[in-house]
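**Q** Below you'll find the structure I mean.
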Protein chains: 2
Amino acid sequence: MARRKPIARRTLHDEIVSSLRDMITADEFPPGSKLPEKSLCDYFGVSRTPLREAFKVLAAEGIVELLPSRGVRVTQQTLEDIEEIFEVLGVLEALSGDLSCLRMSDDEIARVRELHERMVDHFNKGERLPYFHLNQQIHECIMAGAGNRHLAEVYTRLSGKVRRTRYLSSLSERRWKQAVGEHAAMINALENRDGERLFRILREHLKNKADAARATLLAAEAEQHETK
Amino acid sequence: MARRKPIARRTLHDEIVSSLRDMITADEFPPGSKLPEKSLCDYFGVSRTPLREAFKVLAAEGIVELLPSRGVRVTQQTLEDIEEIFEVLGVLEALSGDLSCLRMSDDEIARVRELHERMVDHFNKGERLPYFHLNQQIHECIMAGAGNRHLAEVYTRLSGKVRRTRYLSSLSERRWKQAVGEHAAMINALENRDGERLFRILREHLKNKADAARATLLAAEAEQHETK
DNA sequence: GATATGAGTATTGTATCCAATACCGTTTGA
DNA sequence: TCAAACGGTATTGGATACAATACTCATATC
């Protein structure tokens with residue numbers, strides 16, 4: 001009898017890693033805050049061992065930092081970090097587009113087109129949140145269509161670090177309109193399987209996203225200073 | 001008094017992570033082999049706790065995989081993995097070139113030129129190992145010159161996964177000559193600060209490296225079949 | 001003879017324990 | 001009044017102990 005390969009059972013620290021990751025991106029632990037071992041042990045109902053192993057994993061992912069003998073805290077992304085990460089995300093998404101032009105089936109491309117149409121619909125109605133989610137979905141589709149797991153993994157890890165910023169940053173009307181235009185061009189290039197063009201469009205697209213994110217962050221910082 | 005920021009003391013599991021990483025890339029534990037907890041505890045003279053934490057970190061980096069209740073083994077890269085990784089490395093190096101054209105000082109560029117000259121020298125004399133190392137150094141210089149820590153980190157992690165393959169694969173005379181030509185073009189683009197061109201050259205360069213690696217791997221596989 | 005079964009052993013996952021370090025409030029001396 | 005020193009407490013790093021799971025090899029059954 002053929003044996004199933006993925007025995008993949010989950011261990012405690014695995015569960016904890018996922019939970020903590022979610023809690024951190026959900027802002028339950030804001031950047032810079034400490035993660036107290038004891039209370040988290042109580043919260044999860046486990047001993048310190050698996051929890052500490054989870055910390056090591058999250059630290060390796062760059063989500064938290066370990067201060068020897070002084071605990072664990074959520075990493076604080078500086079403006080420079082955000083800019084750097086977006087630079088890298090740019091080429092990663094660009095690559096995903098390039099590869100998708102080679103590897104996606106016509107059906108898959110049609111599906112992306114469909115998502116796009118729905119997204120434009122939301123844009124016309126001025127519905128920001130549904131727009132945002134469809135936008136995400138489109139990029140995920142293209143990333144998946146590239147058929148490169150290592151690319152997808154690296155992308156997920158990096159984009160996780162700026163997810164919070166992305167949620168916070170809302171577009172200006174002008175930028176929003178521009179973004180929709182870029183998306184139209186993307187779909188076009190994809191349907192023509194023009195990888196080189198899609199590559200350029202996506203890189204540019206991400207550069208613009210980075211600008212938007214930077215603007216939001218600067219505004220938020222300014223506000224903070226004012227409050228103080 | 002101003003306090004120093006980087007308190008960065010090293011913990012046991014940190015040391016172990018570095019050691020294990022080196023041991024694995026040095027092929028002391030070939031891909032697919034198991035990492036026995038007990039003997040490694042004896043070897044390092046530590047208890048299981050820090051060793052297991054180190055395992056979790058290495059697993060997060062993708063260097064080993066954890067089989068629940070069945071131990072830890074060095075991840076086996078398939079041919080597909082290698083190809084995927086090289087695809088990603090291609091755009092990462094390309095980006096580093098692009099950014100270096102913007103951000104490197106003239107002095108730094110001159111230093112790269114110098115390394116290049118020495119490398120060509122070794123090529124002319126047919127000295128493969130020194131050539132190999134200078135080659136590495138040049139790419140590292142450009143990666144550093146990009147001034148993007150997140151890029152550098154992602155790159156290091158991914159390239160670590162194919163380091164072994166790179167070591168194993170030795171170039172054909174023809175490919176070697178071609179590589180030197182590509183390197184000359186790279187230096188040229190860098191000195192002219194033509195980021196766009198350097199981007200394309202580096203991506204192409206990595207594509208060719210991937211081809212070379214693939215050829216070696218296929219040859220090695222064929223040989224293995226023969227022996228069997 | 002080959003496959004299945006099960007006891008014994010080894011190895012792993014988690015919990016607990018001890019030691020070392022950092023944190024905090026108080027006291028004491030200038 | 002302020003700052004440095006001190007002692008107690010909390011928290012962390014590492015070692016050990018216990019429990020659960022998987023592996024091994026011998027025996028039994030067909």
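The values are calculated or read from the model by the stated rules, or taken from the named source; none is laboratory data. Everything numeric here is computed off the predicted structure, so don't read it as measured data. Counting neighbours? That spans all protein chains shown, and the Cβs are built from the backbone with ideal geometry, glycine included. To get the accessible areas, we keep the full protein, side chains included, count just its heavy atoms, and leave off ligands, DNA and RNA. Shrake-Rupley method; radii C 1.70, N 1.55, O 1.52, S 1.80 Å.
**Q** Please work out which residue is farthest from A:Q76 (Cα to Cα), limiting yourself to segment A:146-168 and to residues that are surrounded by fewer than 19 Cβ atoms within 10 Å (Cβ to Cβ) and small (G, A, S). Can you show your working first?
**A** Of all residues in segment A:146-168, those surrounded by fewer than 19 Cβ atoms within 10 Å (Cβ to Cβ) come to A:147, A:149, A:152-153, A:156-157, A:160, A:163-164, A:166-168.
Then drop every residue that is not small (G, A, S), which leaves A:147, A:152, A:160.
Details: A:G147: 32, A:A152: 24, A:G160: 13 Å.
Result: A:G147.
**Q** Here is a list of conditions, (1) open to solvent by 80 Å² or more (accessible area, probe 1.4 Å); (2) at pLDDT 80 or above; (3) under 27 Å from B:Q77 (Cβ atoms), and B:R193 meets all of them except one; can you say which number that is?
**A** For B:R193, the exception is condition (3).
**Q** Do we find that A:E93 is assigned to a helix (DSSP H, G or I), open to solvent by 50 Å² or more (accessible area, probe 1.4 Å) and more than 13 Å from DNA strand D (Cβ to nearest atom) in this structure?
**A** Details: assigned to a helix (DSSP H, G or I): yes; open to solvent by 50 Å² or more (accessible area, probe 1.4 Å): no; more than 13 Å from DNA strand D (Cβ to nearest atom): yes.
No, not satisfied.
**Q** Same structure again: Consider B:E84 against the criteria (1) surrounded by fewer than 22 Cβ atoms within 10 Å (Cβ to Cβ); (2) in a helix (DSSP H, G or I); (3) out of contact with any Pro (no Cβ under 6 Å at 6 or more places or on another chain): it satisfies all of them except one. Which criterion is unmet?
**A** Going through the list (1) surrounded by fewer than 22 Cβ atoms within 10 Å (Cβ to Cβ); (2) in a helix (DSSP H, G or I); (3) out of contact with any Pro (no Cβ under 6 Å at 6 or more places or on another chain), B:E84 breaks only (1).
**Q** Let me ask something else about it. Mind telling me which of the residues B:L202, B:L198 ends up being over 17 Å from the mean Cα position of the chain (by Cα) and within 15 Å of B:G90 (Cβ to Cβ)? Walk me through how you get there before you give the answer.
**A** Working: B:L202 fails: over 17 Å from the mean Cα position of the chain (by Cα).
Criteria check complete, one pass: B:L198.
**Q** Exactly one condition in (1) under 30 Å from B:T216 (Cβ atoms); (2) assigned to a helix (DSSP H, G or I); (3) of a type in the set (A, V, I, L, M); (4) within 16 Å of DNA strand D (Cβ to nearest atom) is false for B:A54; which is it?
**A** All conditions are met except number (1).
**Q** Still on this model: Show the residue pairs meeting these rules: Cβ distance below 8 Å; 6+ apart or different chains; first residue within segment B:17-39 and in a loop (DSSP other than H, G, I, E, B); second residue open to solvent by less than 60 Å² (accessible area, probe 1.4 Å) and hydroxyl-bearing (S, T, Y).
**A** Once the first residue is in a loop (DSSP other than H, G, I, E, B) and sits in segment B:17-39, its partners that are open to solvent by less than 60 Å² (accessible area, probe 1.4 Å) and hydroxyl-bearing (S, T, Y) give B:P31/B:T75.
**Q** Assess whether A:D22 counts as being within 16 Å of DNA strand C (Cβ to nearest atom), more than 12 Å from chain B (Cβ to nearest Cβ) and exposed (fewer than 13 other Cβ atoms within 10 Å of the Cβ).
**A** On the way: within 16 Å of DNA strand C (Cβ to nearest atom): no; more than 12 Å from chain B (Cβ to nearest Cβ): yes; exposed (fewer than 13 other Cβ atoms within 10 Å of the Cβ): yes.
So A:D22 fails the test.
**Q** For residues that are open to solvent by 40 Å² or more (accessible area, probe 1.4 Å) and at pLDDT below 95, scanning just segment B:125-136, find the one that is nearest to A:I85 (Cα to Cα). It would help to see each step written out before you state the result.
**A** Initial filter on segment B:125-136 (open to solvent by 40 Å² or more (accessible area, probe 1.4 Å)): B:125-130, B:132-133, B:136.
Then drop every residue that is not at pLDDT below 95, which leaves B:126-130, B:132-133, B:136.
Numbers: B:G126: 40, B:E127: 39, B:R128: 36, B:L129: 34, B:P130: 34, B:F132: 30, B:H133: 29, B:Q136: 24 Å.
Per the criteria, the residue is B:Q136.
**Q** Kindly provide the set of residues from segment A:58-82 that are more than 10 Å from DNA strand D (Cβ to nearest atom) and more than 18 Å from the chain's Cα centre (by Cα), ordered by number.
**A** Within segment A:58-82, just A:E65 meets the criteria.
**Q** Would you check if there is a residue in segment A:213-222 being of a type outside the set (A, V, I, L, M, F, W, C), at pLDDT 95 or above and touching a Leu at 6+ places or on another chain (Cβ under 8 Å)?
**A** So in segment A:213-222, the residues of a type outside the set (A, V, I, L, M, F, W, C) come out as A:214, A:216, A:221.
Keeping just the survivors that are at pLDDT 95 or above gives none.
No - not one qualifying residue is present in segment A:213-222.
**Q** Hey, any hits in segment B:10-17 for a residue that's surrounded by fewer than 13 Cβ atoms within 10 Å (Cβ to Cβ) and either within 13 Å of DNA strand C (Cβ to nearest atom) or within 16 Å of B:Q76 (Cα to Cα) (or both)? Spell out the reasoning first.
**A** Going through segment B:10-17, the residues surrounded by fewer than 13 Cβ atoms within 10 Å (Cβ to Cβ) turn out to be B:10.
Filter once more, so that each one left must be either within 13 Å of DNA strand C (Cβ to nearest atom) or within 16 Å of B:Q76 (Cα to Cα) (or both): B:10.
There is at least one residue in segment B:10-17 that is surrounded by fewer than 13 Cβ atoms within 10 Å (Cβ to Cβ) and either within 13 Å of DNA strand C (Cβ to nearest atom) or within 16 Å of B:Q76 (Cα to Cα) (or both).
**Q** Do you know which of the residues in segment A:55-75 that are at positive phi and open to solvent by 30 Å² or more (accessible area, probe 1.4 Å) is farthest from the other protein chains (Cβ to nearest Cβ)?
**A** First, the residues of segment A:55-75 that are at positive phi: A:62, A:69, A:71.
Checking which are open to solvent by 30 Å² or more (accessible area, probe 1.4 Å) leaves us with A:69, A:71.
On the way: A:S69: 8, A:G71: 12 Å.
Checking each candidate, the answer is A:G71.
**Q** Hey, does segment B:123-146 have a residue that's within 19 Å of the chain's Cα centre (by Cα), within 11 Å of chain A (Cβ to nearest Cβ) and more than 16 Å from DNA strand D (Cβ to nearest atom)?
**A** yes
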